[in-house]
1. Heavy-atom accessible area per residue, the chain, 1.4 Å probe: how many Å²?
2. Once you charge only the Cβ atoms, +1 for Lys and Arg and -1 for Asp and Glu, what is the size of the charge dipole of segment 156-246 about its Cα centre, to the nearest 20 debye?
3. Debye sum, Cα scatterers, segment 128-178, no solvent: what log₁₀ I/I(0) at q = 0.15, 0.17, 0.22, 0.28 1/Å?
4. Beyond 16 Å, what share of the Cα-Cα pairs of segment 155-211 remains, rounded to the nearest whole percent?
5. Which net charge results for the neighbourhood of residue 140, defined as the other residues with beta-carbon distances under 14 angstrom from its beta-carbon, given Lys and Arg at +1 and Asp and Glu at -1?
6. Report, as a whole number in µm² per second, the diffusion coefficient that Stokes-Einstein gives for segment 57-182 at 37 °C and 0.692 mPa s using the Kirkwood radius over alpha carbon pairs.
7. Could you compute Rg(Cα) / (2.2 N^0.38 Å) for the chain, with N its residue count?
8. Ranking request for peptides 39-45, 161-167: highest mean number of other beta-carbon atoms within 10 Å first, then the rest in descending order.
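The values are calculated or read from the model by the stated rules, or taken from the named source; none is laboratory data. Since the structure is predicted, the reported quantities are computational estimates derived from the model, not experimental observations. All Cβ positions, even for glycine, are placed from backbone atoms using ideal geometry, and neighbour counts span all protein chains on display. Note: accessible area is taken over every heavy atom of the protein model, side chains too, but ligands, DNA and RNA are not part of it. Shrake-Rupley method; radii C 1.70, N 1.55, O 1.52, S 1.80 Å.
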Amino acid sequence: MLLPHDGEIDDTELERLYDYPPELDRPWVQVNFVSSPDGAVTVGGKSQGLSGPADKKVFMLGRTLADVVLVGAGTAAIEGYEGVKAGEVRAAARARLGLSPVPPIAVVTRRATIDPEAPLITDAAVPTIVLTCLAASEERRTALADAGADVVVTGDADVDLPVALAELDKRGLRRVSCEGGPHLFGGLIEAGLVDQLCLTVSPVLAGGDASRIAVGPPPVAPRELELASVLTDDGFLMLRYRSRRS
């Protein structure tokens, strides 16, 4: 049972807590991660070993409330991403919020390494958006476009994340739910693009050499966050932090 500090919380209140600000005039980025208390972001190479029912509920709510799901190519491959299915999101909530039936997935990939025959491309209800750059071979970019992906070049030697978000904005996709991985999250931090972090702390000690949730060059200055909500369930701690700019 999901509990705030003062008692049980229902689905209506949960949606209110995690919904995006109204009348957005720019892309607003929420980042979702699960971690062990000792800082591991995976168990056995995947995040699945750290997750639980309440964490999964909050994770899927992130998809329900989003215009687009943003993910790095490495995480998409490791976690076996496919297109979002209608049954995975709450149709009534999306209709009430004026959102499309399902959000597209936008994959950040410097080399356009996604297999054109992967379910993420071929089994998507709406075209997967591939955010790449000129460093990716034209052959790979063409193959993905021919397979049905919306291929967007957003930089020369690497994906320019502000440009990538601007391209999502052009498509009317401002409610951005980022599902990792650590390098993408690190890039968003460096560029000052994170508005909210939803972090679940899993009640396991993972040990090993797993990555931390954000990896990359440091920003000019650490970005201050404020704690917006705390939920608990069966030992899991679900924290929601907002950037003070948001």
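1. Details: 11710 Å² over 246 residues.
For the chain, the solvent-accessible area averages 48 Å² per residue.
2. Numbers: 10 positive and 13 negative charges, 77 e Å.
Dipole magnitude for segment 156-246 comes out near 360 debye.
3. Per q value, in the given order, log10 I(q)/I(0) is -0.40, -0.51, -0.80, -1.09.
4. Details: 890 of 1596 pairs.
Summing the P(r) of segment 155-211 above 16 Å gives 56 percent of all pairs.
5. Details: positive: 110, 111, 141; negative: 115, 117, 138, 139, 146.
After counting each charged neighbour, the total is -2.
6. Rounded to a whole number, D works out at 226 µm²/s.
7. Details: Rg = 17.4 Å, N = 246, 2.2 N^0.38 = 17.8 Å.
In units of the 2.2 N^0.38 Å rule of thumb, it is 0.98.
8. Details: 39-45: 17.1, 161-167: 18.9.
In decreasing order of mean packing, 39-45, 161-167 become 161-167, 39-45.
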